[in-house]
Amino acid sequence: MKAIRIITIILLFFITGTAVLHAEKEPKKQPAPAAPSRSEVKVPNSVLTITKENTYPNSTQDQPYLQPSEWAQKLIETSNVDIENPNLIKILNESTVNSAPTIGLRATIYLGEWPLNYSSTETSPNWEFQKINTNYFDNRGGTANHQIHYVQESQKAVKGGLTAKVPHAEDVQKMMLIKATEKSNLPLAFQTIVGAGTKKDQVYNISPRRMGYLYAYAPAINEKGKVTYGEVYLVMKGTKRSIIVKNVTSQGVGAWIPIQDHVHFGFMATETPR
């Protein structure tokens with residue numbers, strides 16, 4: 001909100017022609033690093049979906065790419081660095097500039113430092129990211145097989161996040177979530193909850209003279225890549241509007257992103273307690 005107010009005030013000031021500043025020459029465009037081709041993550045048979053069975057209704061975390069307005073798209077195309085940050089695109093969508101000719105208008109307006117785009121280099125699953133439940137039965141005194149199935153004993157919240165601190169972490173997380181979802185084709189969210197009483201009908205047999213353990217894990221995606229930062233300037237020269245990015249830097253970044261409403265199961269039967 002603060003950024004929007006600053007932009008609006010400065011634009012109104014310059015559009016009236018009360019100030020004249022010199023716009024600088026536009027540098028050569030720097031495209032975002034080429035991302036690896038999409039490769040859908042293969043889900044093993046030990047991982048089951050619990051979308052219908054989950055007693056806690058997780059909110060859908062769809063992350064559609066925010067479509068720029070016609071004016072914002074034309075402005076983005078003038079940038080010397082690719083702009084994919086949904087929050088920056090939203091601000092540009094909500095901004096308007098009078099295109100009427102203003103004699104002698106030359107203005108350069110600083111919009112702040114932003115994470116501009118994210119390039120994914122690795123999207124890999126960890127099917128045992130966090131243990132969330134254990135179902136157990138002691139059949140050492142039994143004479144026949146005993147069947148157990150998964151029942152979530154208590155509600156569990158599974159949280160992901162960035163593996164290290166980076167500037168503008170919220171914006172970076174949003175771009176990473178979009179790319180990881182596109183590459184994995186899985187429902188991802190930085191937090192997912194499995195409700196108490198969630199069940200699956202699949203059964204596991206415990207032989208006589210053995211103890212059975214059914215472990216449940218919340219899986220997650222390990223997302224790695226590079227985020228590009230830069231100082232964004234809006235340049236106005238007569239009726240022409242353009243974006244110039246200066247002081248461009250790149251930084252490696254990683255994150256754990258839980259897979260929503262999926263559980264990995266591991267079953268073990270043993271003669272001795274674990």
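The values are calculated or read from the model by the stated rules, or taken from the named source; none is laboratory data. Here the structure is a predicted model, which means the values were calculated and not measured. Because the Cβ atoms are built from the backbone with ideal geometry, glycine has one as well, and the counts that use them run over all protein chains shown.
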Are any residues in the stretch 222-270 of a type in the set (D, E) and either under 30 Å from N126 (Cβ atoms) or under 20 Å from the mean Cα position of the chain (by Cα) (or both), and if so, which ones? E223, D261
Any residue at all in the stretch 205-223 that's part of a strand (DSSP E or B), of a type in the set (S, T, N, Q), over 24 Å from I148 (Cα atoms) and modelled with pLDDT of 95 or more? yes
Checking D201 against (1) acidic (D, E); (2) more than 29 Å from the chain's Cα centre (by Cα); (3) surrounded by 19 or more Cβ atoms within 10 Å (Cβ to Cβ), which single condition isn't satisfied? (3)
Within the set of pairs 6 or more residues apart or between chains, which connect a residue that is farther than 25 Å from Q152 by Cα inside the stretch 215-232 to a residue that is in a strand (DSSP E or B) and of a type in the set (K, R) with Cβ atoms less than 8 Å apart? G230/K246; E231/K246
When restricted to N85, N133, N126, the only residue out of contact with any Pro (no Cβ under 9 Å at 6 or more places or on another chain) and not hydrophobic (A, V, I, L, M, F, W, C) is N133
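Considering only the stretch 216-224, I want to know if a residue exists there that is over 25 Å from F137 (Cα atoms), of a type in the set (A, V, I, L, M, F, W, C) and surrounded by 22 or more Cβ atoms within 10 Å (Cβ to Cβ).
There is at least one residue in the stretch 216-224 that is over 25 Å from F137 (Cα atoms), of a type in the set (A, V, I, L, M, F, W, C) and surrounded by 22 or more Cβ atoms within 10 Å (Cβ to Cβ).
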Lone unmet requirement of (1) assigned to a strand (DSSP E or B); (2) exposed (fewer than 13 other Cβ atoms within 10 Å of the Cβ) for P273: (1)
Test T198 against the stated conditions and say whether it is farther than 30 Å from N145 by Cβ, among the hydroxyl-bearing types (S, T, Y) and modelled with pLDDT of 95 or more. no
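Can you pull out every residue in the stretch 135-157 that is β-branched (V, I, T) and either surrounded by 13 or more Cβ atoms within 10 Å (Cβ to Cβ) or free of Cβ contacts under 8 Å to residues at least 24 places away in the same chain (or both)?
Going residue by residue through the stretch 135-157, those that are β-branched (V, I, T) are 143, 148, 151.
I148, V151, listed by residue number.
Okay, residues lined up against (1) part of a helix (DSSP H, G or I); (2) hydrophobic (A, V, I, L, M, F, W, C):
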| position | (1), (2) |
| --- | --- |
| S154 | no, no |
| V166 | no, yes |
| D171 | yes, no |
| K179 | yes, no |
| L186 | no, yes |
| T192 | no, no |
| G197 | no, no |
Can you name the residue in the stretch 219-238 that is out of contact with any Asp or Glu (no Cβ under 9 Å at 6 or more places or on another chain) and of a type outside the set (V, I, T) and is also farthest from T198 (Cα to Cα) among such residues? G238
If you go through the stretch 238-252 one residue at a time, how many are modelled with pLDDT under 95, charged (D, E, K, R) and surrounded by fewer than 16 Cβ atoms within 10 Å (Cβ to Cβ)? 1
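T249: free of Cβ contacts under 8 Å to residues at least 24 places away in the same chain and part of a strand (DSSP E or B), yes or no? So that I can check it myself, show each step before the final result.
Numbers: free of Cβ contacts under 8 Å to residues at least 24 places away in the same chain: yes; part of a strand (DSSP E or B): yes.
Considered against the rule, which asks whether it is free of Cβ contacts under 8 Å to residues at least 24 places away in the same chain and part of a strand (DSSP E or B), T249 comes out as yes.
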Of all residues in the stretch 95-118 being buried (at least 19 other Cβ atoms within 10 Å of the Cβ) and not in a loop (DSSP other than H, G, I, E, B), the one that is modelled with the lowest pLDDT: A107
